[in-house]
Amino acid sequence: MQTHEARLDALRAELARRGLDGFIVPISDEHMSEYVGAYAQRLGWLTGFGGSAGSAVVLKDKAAIFVDGRYTLQVREQVDSRLYEYQSVPQTSPAAWLGANAAAGARIGYDAWLHAKPWAEAAEAALRSVGASLVPVDGNPIDAVWQDQPAPSPAVAVPHEDRYTGQSVAEKRAAVAEWLADKGADAAVVTALDSVAWLLNMRGADVDHTPVALSFVVAHADGTVDLFIAPEKVTPALTAHLGNAVRVQDRAGFVPALQALAGKTVAVDPERAVAAVFHALEGAKVLRLTDPTVLPKAQKNPVEQAGHRAAQARDGAAVSRFLHWLSIAAPKGGETELSAAAQLLAEREKTGLLRDLSFNTISGAGPNGASPHYSVTEQSNRAIEPNSVYLVDSGGQYLDGTTDITRTVWVGPDAPPAEVKDRFTRVLKGHIAIDQAVFPVGTPGGALDSFARQFLWAAGLDYAHGTGHGVGSFLAVHEGPQRIAKASGGQAGTGQGLLPGMILSNEPGYYKAGDYGIRIENLILVEERTIAGAEGTFCGFETLTFAPIDRTLVEVDLLTPAERGWWNNYHARTEALLAPQLDGADLEWLRTACAPL
């Protein structure tokens, strides 16, 4: 197997052959996906980095890798510092680094099928300011040197039944047509995989843990849709499900179809469509508008909400069985991050309804838990030692909902140190503050973020990730546009107003590098609240996730009476929901874990 140094050398040789002085390598695909298929894992192949967000820039004599705070520790463990400088986002960016490091006259290549148009425009401006240029490549140079690159997934696309979606394909097409009429547009280009899946009530298996099919859509003002997808993915069942108003075409026909829209008014989402889509539409009048499926997809209808509740209840029972197992097995020693993750998967599989995990389980023992998005491998696999902190962040994909839950536990037999209990309780207080928040409808998620951080801030502490992300319905575990995060660094979504039906995670944390990590995560649903005398419409959150939180880590004296009341109420509801699904020793454990503080 080639070393990462040999791969970097091979890429540089290919760039030289093409007359390029550098190249930009994101984790992305033709759909701007967060999680990508194996064929698109170019950054991982080149550098060894295993995270889900990041990018690299390769020049003739130097290279850099760019990650955000979630991956500060992980990138140093996985990527050779002799080959790549470590750079932190949003403090810097590939474009800013290129502005400082690219020579005048340099030609920097980029793959227009992997970058958003605004990114390309910003990078072009940064390079122009130093006399360099950004050059779209014809074929990705990494693909030219990646000899055993996997092919895109051949999995078939399948219908997702209306009993799970709550809305038919015809209804969704009509809503998009109405939106196009309102905008004065002839067509909308929909490229995000979860948007295509939602619009056509179609699912697939082309991206690990996200049930989507590699495809594009052009939706027209007359309510018809063109679906561009590899022919081998299309079955008679899918064709029948889609109906006559959806024209199924070969994926290879997508660019010619865009070029055929010359002279028309076409809506394209600059955040979700790659630059190559804009290049193909140069003859059209392009309206830069948010993909019309994004908000309706985010606002779950009553059928989707009911499905989520059912999935969460089922998943909570599986997680509780796992936590009971862990409470017995871990203090004895002999368990590892991988063995624990395997046990948790087995508990979910016992439901008989699990379709996939919703992401790779984050199974972090001791210091590995201090990397918020740690991904365990055979090489990094660590023993879960007695008298240590263990963090597990996991989720399941079920036909009726997508789950995401984090629990942090103290592995005995001794009592946890005072510092760990203090940090855990501050995180818990922040979690409760989000759960109990009441706010005017449409309040941006970013306005709530400090609710979760205030108790850590009071002790001079913080965490380097957002507090909450949107979640799909048997779709992406990270779904926009809503999120709860600091409104800095140009992060998308912090300004999106929170609206009824939106699902978010509530996951404050604390991470002590080299020692332990803490995170408590439930999913929550935005709901309207009836408040006597309220002036306007107000919202709060319905808690969706139910599984015991580790009481041994709570410093009860730090909780207010109201916070203790929240804890006791939450665990009473947890016991009521999960007890009918458990029996024997699992049920006894649950009752003990849910006893009042």
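For the chain, the dipole from Cβ point charges (+1 on Lys and Arg, -1 on Asp and Glu) about the Cα centre works out to 500 debye, to the nearest 20. Per-residue packing, averaged as other Cβ atoms within 10 Å, sorts the ranges 173-184, 527-538 into the order 173-184, 527-538, beginning with the highest.
Across the chain, C-alpha contacts under 8 Å between residues 6 or more apart give a mean separation that, scaled by the residue count, equals a relative contact order of 11 percent.
Sort the following peptides by mean Cβ neighbour count (other Cβ atoms within 10 Å, averaged over residues), highest first: 209-215, 255-261. Intermediate results must be reported in sequence, preceding the final value.
Values: 209-215: 25.3, 255-261: 16.6.
Ranked by mean Cβ neighbours within 10 Å, highest first: 209-215, 255-261.
Take every pair of alpha-carbon atoms less than 8 Å apart whose residues are at least six positions apart; their mean separation over the length of the stretch 166-323 yields a relative contact order of 22 percent.
Structural descriptor for the stretch 369-528: relative contact order 29 percent, calculated from alpha carbon pairs under 8 angstrom and at least 6 residues apart.
Of the solvent-accessible surface of the chain, computed with a 1.4 Å probe and all protein chains present, 52% belongs to carbon and sulfur.
Working from label points 7 Å from Cα in the Cα-to-Cβ sense, the Lys264 to Val441 distance is 3.5 nm. In the stretch 273-353, which GluC sites (Glu not before Pro) are in a loop and have at most 13 other Cβ atoms within 10 Å, using DSSP for the loop call? Qualifying residues, ordered by number: Glu282. Straightening the chain between Ala125 and Glu555 buys 149.6 nm, computed as 0.36 nm per residue apart minus the Cα-Cα spacing. Ignoring lysines fewer than eight residues from Lys486 along the same chain, the ones with Cα atoms less than 29 angstrom from its Cα are Lys117, Lys297, Lys300, Lys421, Lys429, Lys512.
For the pair Ala576 and Asn387 in one chain, pulling the backbone fully straight at 0.36 nm per residue adds 65.0 nm over the alpha carbon distance. Using a simple spin-label model with pseudo-atoms 7 Å out from Cα toward Cβ, Ala458 and Asn568 lie 2.1 nm apart. Subtracting the Cα-Cα distance of Ala103 and Asp222 from 0.36 nm times their residue separation leaves 37.8 nm of extension gain.
Probing with 1.4 Å while keeping every protein chain in the model, the per residue accessible area of the chain equals 38 Å². In order along the stretch 19-24, phi translates into HN-Hα couplings of x, 10, 9, x, 8, 10 Hz, rounded to whole numbers, per the Karplus curve 6.51 cos²θ - 1.76 cosθ + 1.60 with θ = phi - 60° and x for Gly and Pro.
So, by mean Cβ neighbours within 10 angstrom, what's the order for 102-110, 374-382, 553-561 with the highest one leading?
So the order, starting with the most tightly packed, is 102-110, 374-382, 553-561.
Per residue, the convex hull spanned by the alpha carbons of the chain comes to 160 Å³.
For every helix of n ≥ 4 consecutive DSSP H residues, a contribution of -39,500 (n - 2.57) applies; sum these over the chain, divide by its total residues, and give [θ] at 222 nm rounded to the nearest 500 deg cm²/dmol.
When only DSSP H runs of four or more count, the value is -10000 deg cm²/dmol.
Of the beta bridges DSSP finds with both residues in the chain, what % are antiparallel, to the nearest 5? So the antiparallel bridges in the chain amount to around 75 percent.
The values are calculated or read from the model by the stated rules, or taken from the named source; none is laboratory data. Note that the coordinates shown come from a computational prediction; the quantities given were computed from them, not determined experimentally. As a convention, Cβ positions derive from the backbone with ideal geometry for all residues, glycine included, and neighbour counts pool all protein chains shown. What goes into the accessible areas is simple: the full protein's heavy atoms, side chains included, and nothing from ligands, DNA or RNA. Shrake-Rupley method; radii C 1.70, N 1.55, O 1.52, S 1.80 Å.
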